[in-house]
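Report on the structure given below.
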Amino acid sequence: MAGLQCRKRLWLETHRRELMRVSPASEHIFRMGHLFGECARPLMGQGELVGHVLDIAKAVDKTRVALERASARGTMVYEAAFSYGNVVARADGFASCADGWHMTEVKAASAIKDYFYQDCAVQVWVAEGAGYPVRQVTLACIDSRFVYPGGGDYGGLLRYIDATEEVARLKAAVGGVVEDLRTVLRGEEPEIAVGSHCSSPYACPFMAHCGAQAADRSRVSRRTAHYASARSSAVLPYPRHFLHVEAIASPVPRWTGTRPYQRIPVLWSCQTETEPGHLVQRAHLDSFNVPSKQQFARTLLDAFGSDQGVIVATSVDRACVEALRASVPEYCAELGAFLQRFAHSIDVPVAHGVAGVPEYDDIADSESAEQAWWKAASPETGEDRKQRLVESLLRYARRYALCLQETFNAQGALTAVDSDVSRSGSRGKMPSKAANEAKRRR
């Protein structure tokens with residue numbers, strides 16, 4: 001698939017692998033794919049997993065033996081490896097069927113994309129070249145309607161799509177494409193300018209080499225620019241609650257009552273300004289192994305009480321609390337009342353969270369915070385590293401809420417001063433000391 005995305009990428013993967021730089025975002029996508037694959041295999045049926053990720057020759061040999069056993073038992077072989085014409089492919093699921101074999105490709109997505117079929121066509125071409133005629137091809141993807149009932153029951157998470165005809169149509173062209181790419185590999189490094197293909201359908205690990213860093217860094221995070229309430233902070237009574245919420249999304253729902261890829265909050269931080277200049281700081285990071293979000297919802301409701309408005313940075317925070325509300329019906333009414341208090345948002349554009357939030361352990365925005373959460377939640381992460389990540393997440397969230405409070409108050413001061421100047425009709429008049437101070441704070 002690398003060569004179909006970009007011939008230069010394939011050439012670099014073959015001849016200059018030392019230039020490869022896998023981004024944290026790409027690593028996170030791989031992590032989600034592996035998580036979904038591990039969940040999907042038991043749903044697809046009993047079978048044998050072929051390992052040897054780095055040793056293709058051993059994987060191909062083991063696949064041959066595993067398929068003989070699976071054919072006799074009527075079971076599946078997972079991560080089956082095939083090699084033909086110096087092209088290697090691995091099938092997520094491979095099982096015998098009438099007059100041949102049935103291949104299943106697992107995708108951690110709810111929407112079917114065109115390149116899924118192209119991916120399957122290459123795999124089928126290789127498998128058939130290796131002597132395994134494929135009679136049926138199935139795409140196993142996410143059923144977005146699935147709601148996790150809890151207890152490890154993921155029955156219904158997958159939906160199956162018959163891709164046999166489309167894959168057969170695309171397979172006819174694979175041989176010619178392979179020959180064309182072989183010609184590319186025998187030549188010098190192709191001269192291909194950077195463009196949209198560098199990140200579609202996959203982020204290329206050679207973007208730094210090709211000079212695409214600027215295009216990659218211009219990406220705007222999920223906390224996009226926004227414009228909300230134009231009301232001055234002067235009209236909002238005390239106490240004022242400045243709330244920041246961090247959420248994670250997973251193709252495999254972790255908590256009872258949640259759906260695939262639903263953004264569910266795992267961390268909240270609040271700066272409560274009880275009176276001008278007096279702040280009370282609170283934060284809560286949910287445990288990594290809790291089965292539901294009941295405790296998290298309770299901590300949020302208990303911390304905010306029932307008085308005054310809640311200031312958030314974007315509509316993302318509201319959406320996260322809405323998702324929390326849907327997952328814990330026993331707190332539906334209380335969380336609904338809490339959402340009614342979301343009366344104010346910062347009235348300035350924000351690209352990566354609130355300006356001025358420092359990095360903690362490479363946590364600089366919501367995307368990197370989510371990646372840090374998954375690292376901390378992984379059983380492969382040591383306790384010392386996990387504790388550092390937890391502390392960094394809490395420091396980042398607390399600072400975010402503080403920046404929210406500072407920005408909100410500075411905005412209110414500037415709005416009030418500008419209104420006074422406008423009423424006086426003194427457009428050319430030097431701004432007051434208060435206005436200068438407010439602008440300096442912004």
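A few points about this structure:
- In the range 175-213, the residue that is modelled with the highest pLDDT out of those that are in a helix (DSSP H, G or I) and more than 22 Å from GLN118 (Cα to Cα) is ARG186.
- Strands (runs of 3 or more DSSP E) completely within the range 251-315 that count 2 or more residues being over 27 Å from the mean Cα position of the chain (by Cα): 264-275, 278-285
- Residue within the range 18-31 that is touching a strand residue (DSSP E or B) at 6+ places or on another chain (Cβ under 8 Å), in the same structural domain as GLY156 (by TED's automatic domain parsing) and more than 30 Å from GLU191 (Cβ to Cβ) present: no
- When GLY33, GLY93 are screened for being touching a Phe, Trp or Tyr at 6+ places or on another chain (Cβ under 7 Å), among the small types (Gly, Ala, Ser) and either closer than 18 Å to CYS141 by Cα or without any contact (Cβ under 8 Å) to a residue 40 or more places away in the chain (or both), only GLY93 passes.
Residue by residue, here is whether (1) at pLDDT below 95; (2) in contact with a Cys (Cβ under 8 Å, 6 or more places away or on another chain); (3) in the same structural domain as TRP255 (by TED's automatic domain parsing) holds:
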{"position": "GLU79", "(1), (2), (3)": "no, no, no"}
{"position": "TYR115", "(1), (2), (3)": "yes, no, no"}
{"position": "CYS120", "(1), (2), (3)": "no, no, no"}
{"position": "ASP143", "(1), (2), (3)": "no, no, no"}
{"position": "VAL167", "(1), (2), (3)": "no, yes, no"}
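- Any hit, the range 250-260, residues being within 30 Å of LYS113 (Cβ to Cβ), at pLDDT 95 or above, of a type in the set (A, V, I, L, M) and in contact with a strand residue (DSSP E or B) (Cβ under 8 Å, 6 or more places away or on another chain): no
The values are calculated or read from the model by the stated rules, or taken from the named source; none is laboratory data. In this text, all values refer to a predicted model and were calculated from it rather than measured experimentally. Heads up, the Cβs are rebuilt from the backbone with ideal geometry, glycines too, and the neighbour counts pull from every protein chain shown.
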